[in-house]
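Written out below as structure tokens is the structure these notes cover.
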Amino acid sequence: MTTAPWRDPALPAAARVDDLLSRMTLEEKTAQLYGVWVGAATDGDGVAPLQSEMAADYDYDELINHGLGQLTRSYGTAPVDPALGAQALASAQRRIAAAGRFGIPAVAHEECLAGFTAWGATAYPVPLAWGATFDPGLVEEMARRIGHDLRAAGVHQGLAPVLDVVRDPRWGRVEETIGEDPYLVGTIGTAYVRGLESAGVIATLKHFAGYASSAGARNLAPVRAGVREFADVTLPPFEMALREGGARSVMAAYTDTDGIPASADPALLTGLLREEWGFTGTVVADYFGIAFLQTLHRVAGSPAEAAHAALTAGIDVELPSLNCYGRPLLEAVRTGEVPESLVDRAARRVLLQKCELGLLDEDWDPEPATALDLDSAANRDVAGRLAQESVVLLDNPDGLLPLAPDTRIAVVGPRAADALAMLGCYSFPSHVLPRHPEVPMGIDIPTVLDALRTELPDAKVTFAEGCGVSDPDASGFEEAVARASEADVCVAVLGDRAGLFGRGTSGEGCDVTDLRLPGVQGELLDRLVATGVPVVLVLLTGRPYALGRWQGRLGAVVQAFFPGEEGGPAVAGVLSGRVSPSGRLPVSVPREPGGQPWTYLQPPLGLAGEVSNLDPTPLYAFGHGRSYTTFAWEDFTGTTPGITTDGSCDLSLTVRNTGDRAGAEVVQLYLHDPVASVTRPDVRLIGYRRLELEPGAAARVTFRFHADLSAFTDRSGTRVVEPGALELRLAASSAEVRHTARLRLTGPVRPLGPDRRLRCETEVSPAE
């Protein structure tokens, strides 16, 4: 075998794989199409839905004699010292290679949504916090660091990013998304993909497609999305991350759309993804997603039928184990129920990817790094910068913030002194450690309380928890009120507890009926406000909550979306004034807890009007965020009589920091289409640029608008640019317009193909 063409690295990958496939038995080919989850719990809920019910029955030693496609979560299943874990993974890979005829190791995959999901690895802010930064460059830097840590530990594929666009903030997995706007999700998500792929790790886009549009905000519920919503809101982030980011894998969603499960949809996974978009990588199943075709969707009557449907649709790899692509698929191919050509097609894609990774090379070496530091000082620095940029100052009407350095501060609330308040559902401490209470956290996570005491050493800081996150016990109210009454200012730290499948108030399977603060936290806040002491509300959450009940009654409001291990110092830095807040909302903050689903991407009938007594206008709009300094937007240029439906134009303005301290402004470009052949969102984001400026400094930013950015899906299902009037609005948020350019598109309706322009390019130059 060592002299066979498939071993020759000088040959094209396709030629090598074709030669290898010609030598493989059916058993060896199907072995490349599934993963094995060694060490997964078969009792209780584990770390995946229905994990115990779906546990596969197999003899591992016999199984690997034919090879193995993937190894599932060697680090993210149980706490293990990273260095020992790397050695164990390398040993497992040698064993797999030695067992099979061809000596081919498995692809090792891991979760990496907010950092490498391993014990002792850096816990970065969650994706919703990435969105709040409006800083793709910093997100790319974070992802690059995550990728290097994964590769050093022997991991080849990361199951991230999540590119679902928020459609209903009651959904538990909002914390895993980047926001409610497809352009923001696409640009930030693409930056993550670039960073991960630059480290040699396969990025896996999920969940393809429509998962966040589930009915009633229930996890895995059927998708209620029309053709145009699917095309114009759901799909663009995936298209951008594939075309511009170079993602090499896609994960099929659990959900079904209009009766068709994504995992059994050839039009989605083959027609659109491969034939239209030109994707050549691998499609993997979400955990147990193929088996769910039989057990949950009931579009298959057996595991073999489920395997047939998924292979036909275009799923190449069954994860996390082999319920369907193992023995059931083998027998179905042998009896002629499933064409062997489907197995060949999927195996070829898997082996091409292994060839790209060097796993077919004779000199492949699984030897891990001699030392692994998964929470390095450099990692923590990036985590800290990302956390700082993600904190959103929602309100500070009377300048209560920053806090005076020698004031009396009562810190109150269930999130103030809990390190887990910083972490999302897919961080290792929240995801795995609840089943291992005897194991320490593995990383240092300062709380808001500890960080504030460090930040303001001359302040007198007292603390009372007040209540729990979600329990109804109000017995701690009196102590909390007493501490607040003795202080000059009260900092109320409220929010979510991340968890899995109902064990938290945010996270996978932790959906809610409305957007009230969890438990009795709202009642605690009422009691604190009633003391008359100024209250600073700090929210550490995985979703936005309705705050209209306290409008005009709070001294300041600070929002942080699970800001990671350095989130405590970041929040405390904003409270003290060391950090100038620069985050912007990636999701709207509602006024009232009901009235969902609602996002800012509303056509005219979705906005407030005289035909209904219900006003859905949010309390704080998408893109909103305050600062400790001020900015002037000057010298706007961009008025043009018109461009063709294939034309472009520039809009420019100068942003000047007119305050006495450094700060960052986020200039946002929105499109308003007054008349179209189908209803359109009143405004939608098509460009943005974050500008960091010293006091008195100025920068000139230019947006290069192309008519492709006005495109939408028409009545025939075709993406088109229509002639007519447009407004381009430069704004500080979706509701705070500073300058407007009116122009007219001329010429014919222009259908767009897969080469359409996806982003608005920007350029920043020094201002005179």
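The values are calculated or read from the model by the stated rules, or taken from the named source; none is laboratory data. Every value quoted in this text rests on a predicted model; they were computed, and no experiment measured them. Positions of Cβ are generated from backbone atoms using ideal geometry, with glycine treated the same way; all protein chains shown enter the neighbour counts.
What to note about this one:
- Scanning region 121-148 for residues that are farther than 15 Å from Glu197 by Cα, among the small types (Gly, Ala, Ser) and in a helix (DSSP H, G or I) yields Ala129, Gly131, Ala132.
- The conditions of being among the acidic types (Asp, Glu), more than 33 Å from the chain's Cα centre (by Cα) and not assigned by TED's automatic domain parsing to the domain that holds Arg497 are not met by Asp398.
- Here Glu340 fulfils each of the conditions (1) crowded, with 24+ Cβ neighbours inside 10 Å; (2) farther than 20 Å from Tyr254 by Cβ apart from (1).
- All positions within region 347-368 that are of a type in the set (D, E, K, R) and under 29 Å from the mean Cα position of the chain (by Cα): Arg349, Lys354, Glu356
- Gly158 vs. criteria in contact with a strand residue (DSSP E or B) (Cβ under 7 Å, 6 or more places away or on another chain) and in contact (Cβ under 8 Å) with a residue 40 or more places away in the chain: yes
- Whichever residue in region 387-399 is among the hydrophobic types (A, V, I, L, M, F, W, C) and touching a Gly at 6+ places or on another chain (Cβ under 7 Å) and, among such residues, is surrounded by the most Cβ atoms within 10 Å (Cβ to Cβ): Ala387
- Of all residues in region 750-768, those satisfying the criterion of being closer than 23 Å to Ser652 by Cα and either among the charged types (D, E, K, R) or outside any loop (DSSP other than H, G, I, E, B) (or both) are Arg757, Arg759, Glu761, Thr762, Glu763, Val764, Ser765, Pro766, Glu768.
- Residue within region 51-68 that is more than 27 Å from Val432 (Cα to Cα), assigned to a loop (DSSP other than H, G, I, E, B) and either at pLDDT 95 or above or touching an Asp or Glu at 6+ places or on another chain (Cβ under 8 Å) (or both) present: yes
- One residue stands out among those in region 690-718 that are of a type in the set (S, T, N, Q) and assigned to a loop (DSSP other than H, G, I, E, B): the one that is farthest from the chain's Cα centre (by Cα), which is Ser716.
- Among the candidates Glu727, Glu694, Glu761, the residue that is closer than 20 Å to Tyr183 by Cα, exposed (fewer than 15 other Cβ atoms within 10 Å of the Cβ) and not β-branched (Val, Ile, Thr) is uniquely Glu761.
- Only one of the numbered conditions (1) farther than 25 Å from Leu685 by Cα; (2) not in a loop (DSSP other than H, G, I, E, B) is violated by Val155, and that is (2).
- The listed residue being in contact with a Lys or Arg (Cβ under 7 Å, 6 or more places away or on another chain) and β-branched (Val, Ile, Thr), out of Val165, Val155, Val174, Val139: Val174
- For Gly39, the test of being outside any loop (DSSP other than H, G, I, E, B), touching a residue at least 12 places away in the same chain (Cβ under 8 Å) and either surrounded by fewer than 15 Cβ atoms within 10 Å (Cβ to Cβ) or out of contact with any helix residue (DSSP H, G or I) (no Cβ under 9 Å at 6 or more places or on another chain) (or both) is failed.
- For the criterion of being out of contact with any Ser or Thr (no Cβ under 9 Å at 6 or more places or on another chain), buried (at least 16 other Cβ atoms within 10 Å of the Cβ) and either more than 25 Å from Arg349 (Cβ to Cβ) or modelled with pLDDT under 95 (or both), Ala48 passes.
- Single match in Ala300, Ala306, Ala310, Ala291 (criterion: touching a strand residue (DSSP E or B) at 6+ places or on another chain (Cβ under 7 Å) and closer than 19 Å to Ile260 by Cβ): Ala310
- Scope region 238-285; condition touching a residue at least 60 places away in the same chain (Cβ under 8 Å), surrounded by fewer than 24 Cβ atoms within 10 Å (Cβ to Cβ) and more than 30 Å from Ser302 (Cα to Cα); matching residues: Glu239, Met240, Arg243, Glu244, Arg248, Glu276, Trp277, Gly278
- Residue, surrounded by the most Cβ atoms within 10 Å (Cβ to Cβ), within region 357-386, restricted to residues that are acidic (Asp, Glu) and either touching a helix residue (DSSP H, G or I) at 6+ places or on another chain (Cβ under 6 Å) or under 25 Å from Ala118 (Cα atoms) (or both): Asp375
- Among the residues listed as Pro641, Pro674, Pro597, the single one being loosely packed, with under 14 Cβ neighbours inside 10 Å, in contact (Cβ under 8 Å) with a residue 60 or more places away in the chain and not hydroxyl-bearing (Ser, Thr, Tyr): Pro641
- The set of residues in region 315-346 being small (Gly, Ala, Ser), touching a Gly at 6+ places or on another chain (Cβ under 9 Å) and closer than 22 Å to Asp18 by Cβ consists of Ala346 alone.
Each row is one residue, and each column tells you yes or no for (1) farther than 20 Å from Ser582 by Cα; (2) assigned by TED's automatic domain parsing to the domain that holds Phe712; (3) modelled with pLDDT of 95 or more; (4) not aliphatic (A, V, I, L, M).
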site	(1), (2), (3), (4)
Gly625	no, no, yes, yes
Leu651	yes, yes, yes, no
Val655	no, yes, yes, no
Arg661	no, yes, yes, yes
Val667	no, yes, yes, no
Leu671	yes, yes, yes, no
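- Residue, surrounded by the fewest Cβ atoms within 10 Å (Cβ to Cβ), within region 627-638, restricted to residues that are part of a loop (DSSP other than H, G, I, E, B) and modelled with pLDDT of 95 or more: Thr630
- Whichever residue in region 165-203 is surrounded by fewer than 24 Cβ atoms within 10 Å (Cβ to Cβ) and among the charged types (D, E, K, R) and, among such residues, is nearest to Asp496 (Cα to Cα): Arg170
- Selection within region 204-237: residues that are of a type in the set (Lys, Arg) and surrounded by fewer than 20 Cβ atoms within 10 Å (Cβ to Cβ). The member of this set that is nearest to Leu113 (Cα to Cα) is Arg218.
- The selection criterion, being surrounded by 22 or more Cβ atoms within 10 Å (Cβ to Cβ) and touching a Pro at 6+ places or on another chain (Cβ under 7 Å), holds for Val589.
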